[in-house]
1. Gaussian network model of the chain, Cα springs within a sub-10 Å range: biggest mean-square fluctuation belongs to which of Ile95, Ile43, Ile33?
2. Determine, for Asp9, Asp98, the number of other Cβ atoms within 10 Å of each Cβ, and report the residues in order from fewest to most.
3. Mean-square fluctuation check for the chain, GNM, Cα pairs under 10 Å: which of Leu96, Leu27, Leu19 is largest?
4. Of Gly81, Tyr66, Val42, which is farthest along the charge dipole of region 8-102 in the positive direction, counting Lys and Arg as +1 and Asp and Glu as -1 at C-beta?
5. Before rounding to the nearest 500, sum -39500 (n - 2.57) across all DSSP H runs of length at least 4 in the chain and divide by the residue total; then give [θ] at 222 nm in deg cm²/dmol.
6. Could you tell me which helices of the chain pass both thresholds, a Cα extent of 27 Å or more along their own axis and a mean Kyte-Doolittle hydropathy of at least 1.6, with helices taken as whole DSSP H runs?
7. Considering only the other residues whose Cβ falls under 12 Å of the Cβ of Lys69, what net charge follows from Lys and Arg at +1 and Asp and Glu at -1?
8. Rounded to the nearest 20 debye, what is the charge dipole size of the chain about its Cα centre when +1 sits on each Lys and Arg Cβ and -1 on each Asp and Glu Cβ?
Amino acid sequence: MVLAAFSLDDVTIGAFFGLLLSLPIALFLAFWISAVKKRGAVIGGAFFGALIGFLAIISWAGTLIYKTKLPGANGASAFFGGILLCAALGLTGGILTDLVVAAKNNRDYRRQIAHTQE
């Protein structure tokens, strides 16, 4: 069972609080730089990207894959790594979602050709 892999050690707690602090950063920046009409999709992509960052930290340094954590990993390194990685991947997920939404609805984002009068 996957939930049994989430042991409450210092790496998991540090990465979780890093995720919590990175969410306002990633979601606000993704909303702010979004150029599409459906900003909810961009926010969802940013949240999904931050969640992937959290799972990457837990998989790499924590106990999601292996029974013991990475040697030298502690809660502080997972916390600051979680803030940095989750915010960066959240913003990346928001930008990629923004590009996908804009590509699917490209007629909404084309400029009108100005006709000159003679």
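1. Looking only at Ile95, Ile43, Ile33, the largest GNM fluctuation is found for Ile33.
2. Ordered from fewest to most neighbouring Cβ atoms within 10 Å, Asp9, Asp98 come out as Asp9, Asp98.
3. Highest fluctuation of the listed residues: Leu96.
4. Among Gly81, Tyr66, Val42, the one farthest towards the positive end of the dipole of region 8-102 is Val42.
5. Dividing the helical sum by the residues of the chain leaves -23000 deg cm²/dmol.
6. Correct list, ordered by number: 10-33, 39-60.
7. -1
8. On the way: 9 positive and 5 negative charges, 75 e Å.
Its charge dipole is roughly 360 debye.
A short reminder: the numbers here are calculations on the coordinates, not readings from a lab. Because the structure is predicted, anything quoted here is derived from the model rather than measured. Note that each Cβ is placed from the backbone with ideal geometry, even for glycine, and that neighbours are counted across all protein chains shown.
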